[in-house]
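The numbers here are math on the coordinates, done by the rules we state, and not lab data. Just so we're clear, the structure is a prediction, and the values are computed from it rather than from any experiment. Here the Cβ positions follow ideal geometry from the backbone for every residue, glycine too, while neighbour counts run over all protein chains shown.
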Amino acid sequence: MLSAHGQVNAPAPHHAGDVGMSTCGADGNGELKVTTSEWKLAAGDMLNPLGHAVVVHGLDMKARVGCGVITSNQ
């Protein structure tokens, strides 16, 4: 069972960037859709995810298997 840490909208303690778990197929492709009221897309807001890093961890939460920067196409 997963602890609250890492789950979106979980009670404290958690980070605003915790978005939960996802699985990938044997081909390495996966998808995760998240809905949260914690993120704000307002300029200057500390909870605005634009320009921040996203890190994908392995199941042990130690190995980092992917990363990138959140951008907007608008």
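Go ahead and run the numbers for FRET between L50 and D27, Cβ-Cβ distance against an R0 of 25 Å, rounding to 0.05. Before the final figure, lay out the partial values.
Details: r = 29 Å, r/R0 = 1.17.
For R0 = 25 Å, the calculated efficiency reads 0.30.
Report the gain in length on full extension from S72 to T36: 0.36 nm times residue separation, minus Cα-Cα distance, nm rounded to one decimal.
11.2 nm
I need the peptides 29-37, 44-52 ranked by packing, meaning the mean over residues of other C-beta atoms within 10 angstrom, with the highest value on top. Kindly include the intermediate steps, with their values, before the conclusion.
Numbers: 29-37: 9.3, 44-52: 11.7.
Highest-to-lowest ranking by the protection proxy: 44-52, 29-37.
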